[in-house]
Amino acid sequence: MLENNFLNTEEEAKLREEVKDFVRSVDPELIRKMDRDEIEYPFEFVAEAGKRGLLGLRFSEEYGGRGLTWTAESVAMEEVGVLGFGLGCAYAMVSIVGEAIYRFGSEWQKEEFLKPIIRGEKISAEGLTEPRGGSDFFGTTTKAEKKGNKWVLNGEKRFIAGGKVADFYFIYARTHPAAPGHQALTAFIVERDMGVEIQEIYSLLGCRGIGTARIVFKDVEVPDEYRVGEVNKARQIFNRMMVPERLTSAAAAIGAARPALELAIKYSDKRKAFGRKIREFQAVSFKVAESLTKLDAARALTHTAARAVDLYDAGLSKEDPRRLVSEAKYFATQAAWEVVNDAMQILGGIGYTQVYPIERMLRDIRLGIIWTGSNEIMKLLVQHEAYRLMQLPSRDRDFEMDAMEWYKEVEKVFE
Ligand SMILES: Cc1cc2nc3c(=O)[nH]c(=O)nc-3n(C[C@H](O)[C@H](O)[C@H](O)COP(=O)(O)OP(=O)(O)OC[C@H]3O[C@@H](n4cnc5c(N)ncnc54)[C@H](O)[C@@H]3O)c2cc1C
């Protein structure tokens, strides 16, 4: 209800309606069961999305996708996001793991892994984070050693969404013992049946029901045909994979926060205190105004970031969209967290109970600030780009000259 299509094409607006139709068909009991950790993974949800042709929308029709844009995918992701981060994550995984296989995989890998995940018939998971840390990705310690035509993997990955049930994992491992991380990692597809051990299923604050696990590789043998891309060159795969990883996080966060705001608006129009509807208190209605503005701003930024990737991919822009993607992820997830938190405040005590779903939404949405690259890491990337841009030669006006006493160079002391 609080979404809009002002920046979208007619095709994207239609897609939004199509996805809304799918979202309406999802049984609320599925969300409740997931939150009670009663199911291992929402297999039927993924299968239904696949049947409707809603998974992997960006990939070409040849592989079962629709050849749509990043902006279109963001629209779809926002709408799936209203179901919460758990289902949003299951939906997004096809886009994230799919991107790596689509761009860097062999035809055999596309046939064997990409097509089935787009059809919703196989479940994929991505293994980047290790117990020693997720932010320092290039410090990866999981090792792969070549023995004949096989790679032998040893190490472990932590917090792997779908880790418990996935048919295969997209894994990064160190294949050069001495080189710096960005020149030492190689990507592999590893099937669960190859001997991957599931050692821990996490008890989570939110985002339950997606089998988030620690997975362990002890001398797991992976044939060379499962290697994705060139040896020691996984850096470019990682950089590319981070585009869907972070754009889907941004778009899903907008969707996930929207229902909380909608509930709060409805509630504040009914609930009375001191003989008046609480919406008549500015302290309440201004929260509504601020929240809606935050979501609209987050959507506009996410759209801009997605469009920047579309233009970059089409060769129409040379500007690496990484900064905008990082901004969108950081801004949208932070905004979503604040929106849900304020929605809970509007509902008062009853918002803290399970009578309304806001407490679950709050638990879910908190993860947005942490995962797919924490918001601190996003800010690290953004500031880096800001300084880099200011190093470039500029043909803009020199703003320093706009000062009254611009010529007092002797006062411009920096050390
Ligand atoms: C439910 C759940 C699902 C997940 N799903 C997946 C998944 O499917 N696949 C996967 O690979 N990972 C997954 N993750 C992992 C997630 O991406 C990581 O938790 C995240 O990247 C942070 O890594 P970390 O937990 O090791 O924290 P750390 O990297 O140890 O960071 C701890 C804190 O230090 C800050 N920090 C670290 N370095 C810096 C720096 N240079 N500057 C400023 N601050 C810094 C971080 O922002 C953070 O606040 C999931 C996590 C959870 C909880």
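The values are calculated or read from the model by the stated rules, or taken from the named source; none is laboratory data. Computed from a predicted structure; not experimentally measured. We place every Cβ from the backbone using ideal geometry, glycine too, and count neighbours over all the protein chains shown.
Would you confirm whether or not region 389-400 contains a residue that is surrounded by 13 or more Cβ atoms within 10 Å (Cβ to Cβ) and more than 18 Å from the chain's Cα centre (by Cα)?
Taking region 389-400 first, the residues surrounded by 13 or more Cβ atoms within 10 Å (Cβ to Cβ) are none.
No, every residue in region 389-400 fails to be surrounded by 13 or more Cβ atoms within 10 Å (Cβ to Cβ) and more than 18 Å from the chain's Cα centre (by Cα).
When the residues of region 361-375 are narrowed to those that are farther than 19 Å from Ala90 by Cβ and among the small types (Gly, Ala, Ser), which ends up nearest to the ligand (Cβ to nearest atom)? Steps first, please.
So the first thing to find is which residues in region 361-375 are farther than 19 Å from Ala90 by Cβ, and the list is 362, 369, 373-375.
If we keep only those that are among the small types (Gly, Ala, Ser) too, we end up with 373-374.
Details: Gly373: 6, Ser374: 3 Å.
By that ranking, first place goes to Ser374.
Restricting the search to region 195-232, which residues are of a type outside the set (S, T, N, Q), touching a strand residue (DSSP E or B) at 6+ places or on another chain (Cβ under 6 Å), within 18 Å of Lys143 (Cβ to Cβ) and surrounded by fewer than 17 Cβ atoms within 10 Å (Cβ to Cβ)? Can you show your working first?
Step one: of region 195-232, the residues of a type outside the set (S, T, N, Q) are 195-198, 200-202, 204-211, 213-231.
Within this subset, residues satisfying the condition of being touching a strand residue (DSSP E or B) at 6+ places or on another chain (Cβ under 6 Å) are 195-198, 200-201, 213-217, 219-223, 226-229, 231.
Restricting the remaining residues to those that are within 18 Å of Lys143 (Cβ to Cβ) gives 195-197, 214-217, 219-223, 226-229, 231.
Within region 195-232, Gly195, Glu197, Asp219, Glu221, Pro223, Val231 meet the criteria.
Among the residues of region 276-330, what is the count of those that are farther than 24 Å from Thr372 by Cα and in a helix (DSSP H, G or I)? Reasoning before the result, please.
So in region 276-330, the residues farther than 24 Å from Thr372 by Cα come out as 276-290, 292-293, 314-318.
Of the ones still in play, those that are also in a helix (DSSP H, G or I) are 278-280, 282-290, 292-293.
The qualifying residues number 14.
Are any residues in region 217-245 among the β-branched types (Val, Ile, Thr) and within 24 Å of the chain's Cα centre (by Cα), and if so, which ones? Talk me through it step by step, then tell me what you get.
Of the residues in region 217-245, the ones among the β-branched types (Val, Ile, Thr) are 220, 222, 228, 231, 237, 243.
The answer is Val228, Ile237, Val243.
Has region 239-251 got any residue that is under 30 Å from Ala187 (Cβ atoms) and hydroxyl-bearing (Ser, Thr, Tyr)? Explain how you work it out, then say what you get.
Just the residues of region 239-251 that are under 30 Å from Ala187 (Cβ atoms), to begin with: 239-251.
Within this subset, residues satisfying the condition of being hydroxyl-bearing (Ser, Thr, Tyr) are 248-249.
Among the residues of region 239-251, at least one is under 30 Å from Ala187 (Cβ atoms) and hydroxyl-bearing (Ser, Thr, Tyr), which makes the answer yes.
Within region 235-244, is there a residue that is closer than 21 Å to Tyr169 by Cα, touching a residue at least 40 places away in the same chain (Cβ under 8 Å) and loosely packed, with under 14 Cβ neighbours inside 10 Å?
Within region 235-244, one or more residues are closer than 21 Å to Tyr169 by Cα, touching a residue at least 40 places away in the same chain (Cβ under 8 Å) and loosely packed, with under 14 Cβ neighbours inside 10 Å.
Within region 372-383, which residues are closer than 21 Å to Leu295 by Cβ and out of contact with any Ser or Thr (no Cβ under 7 Å at 6 or more places or on another chain)? So that I can check it myself, show each step before the final result.
Residues of region 372-383 that are closer than 21 Å to Leu295 by Cβ, as a first pass: 372, 375, 378-379, 382.
Selection gives Lys379 alone.
Is one or more of the residues making up region 120-129 in a strand (DSSP E or B) and either among the polar types (S, T, N, Q) or touching a Leu at 6+ places or on another chain (Cβ under 6 Å) (or both)? Walk me through how you get there before you give the answer.
Taking region 120-129 first, the residues in a strand (DSSP E or B) are 124-127.
Subsequent filtering for residues that are either among the polar types (S, T, N, Q) or touching a Leu at 6+ places or on another chain (Cβ under 6 Å) (or both) retains 124.
Yes, because at least one residue in region 120-129 is in a strand (DSSP E or B) and either among the polar types (S, T, N, Q) or touching a Leu at 6+ places or on another chain (Cβ under 6 Å) (or both).
Which residue out of Glu38, Glu48, Glu61, Glu78 is of a type in the set (Asp, Glu), outside the structural domain of Tyr356 (by TED's automatic domain parsing), surrounded by 14 or more Cβ atoms within 10 Å (Cβ to Cβ) and farther than 21 Å from Leu263 by Cα?
Values: Glu38 fails: surrounded by 14 or more Cβ atoms within 10 Å (Cβ to Cβ); Glu61 fails: surrounded by 14 or more Cβ atoms within 10 Å (Cβ to Cβ); Glu78 fails: farther than 21 Å from Leu263 by Cα.
Checking each option against the conditions leaves just Glu48.
Among the residues in region 400-412, are any β-branched (Val, Ile, Thr) and either in the same structural domain as Lys266 (by TED's automatic domain parsing) or touching an Asp or Glu at 6+ places or on another chain (Cβ under 8 Å) (or both)?
Taking every residue of region 400-412 in turn, none turns out to be β-branched (Val, Ile, Thr) and either in the same structural domain as Lys266 (by TED's automatic domain parsing) or touching an Asp or Glu at 6+ places or on another chain (Cβ under 8 Å) (or both).
Answer yes or no as to whether Glu245 is of a type outside the set (A, V, I, L, M, F, W, C) and not assigned by TED's automatic domain parsing to the domain that holds Trp337. Explain how you work it out, then say what you get.
Numbers: of a type outside the set (A, V, I, L, M, F, W, C): yes; not assigned by TED's automatic domain parsing to the domain that holds Trp337: no.
Answer is no for this residue.
Would you be able to tell me the number of residues in region 153-185 that are touching a His at 6+ places or on another chain (Cβ under 7 Å) and surrounded by fewer than 16 Cβ atoms within 10 Å (Cβ to Cβ)?
Just the residues of region 153-185 that are touching a His at 6+ places or on another chain (Cβ under 7 Å), to begin with: 183-184.
Within this subset, residues satisfying the condition of being surrounded by fewer than 16 Cβ atoms within 10 Å (Cβ to Cβ) are 183.
Of the residues in region 153-185, 1 are touching a His at 6+ places or on another chain (Cβ under 7 Å) and surrounded by fewer than 16 Cβ atoms within 10 Å (Cβ to Cβ).
Condition first: more than 16 Å from the ligand (Cβ to nearest atom) and in contact with a helix residue (DSSP H, G or I) (Cβ under 8 Å, 6 or more places away or on another chain). Can you find one or more residues in region 203-220 that meet it?
yes
Hey, any hits in region 161-174 for a residue that's assigned to a strand (DSSP E or B), modelled with pLDDT of 95 or more and more than 14 Å from the ligand (Cβ to nearest atom)? Full working, then the answer.
Initial filter on region 161-174 (assigned to a strand (DSSP E or B)): 168-174.
Keeping just the survivors that are modelled with pLDDT of 95 or more gives 168-174.
Filter once more, so that each one left must be more than 14 Å from the ligand (Cβ to nearest atom): 174.
The answer is yes, given that some residue of region 161-174 is assigned to a strand (DSSP E or B), modelled with pLDDT of 95 or more and more than 14 Å from the ligand (Cβ to nearest atom).
Condition first: hydroxyl-bearing (Ser, Thr, Tyr), within 16 Å of the ligand (Cβ to nearest atom) and surrounded by 14 or more Cβ atoms within 10 Å (Cβ to Cβ). Now tell me which residues in region 93-152 satisfy that. Working first, answer last.
First, the residues of region 93-152 that are hydroxyl-bearing (Ser, Thr, Tyr): 95, 102, 106, 124, 129, 135, 140-142.
Among the residues that remain, those that are also within 16 Å of the ligand (Cβ to nearest atom) are: 95, 124, 129, 135, 140-142.
Across region 93-152, the qualifying residues are Ser95, Ser124, Thr129, Thr140, Thr141, Thr142.
Rundown of residues vs (1) more than 20 Å from Val19 (Cα to Cα); (2) more than 26 Å from the chain's Cα centre (by Cα), yes/no style:
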{"residue": "Leu247", "(1), (2)": "no, no"}
{"residue": "Ala252", "(1), (2)": "no, no"}
{"residue": "Ala257", "(1), (2)": "no, no"}
{"residue": "Ser268", "(1), (2)": "yes, yes"}
{"residue": "Arg279", "(1), (2)": "yes, yes"}
{"residue": "Ser291", "(1), (2)": "yes, no"}
{"residue": "Leu295", "(1), (2)": "no, no"}
{"residue": "Ala306", "(1), (2)": "no, no"}
{"residue": "Asp310", "(1), (2)": "yes, no"}
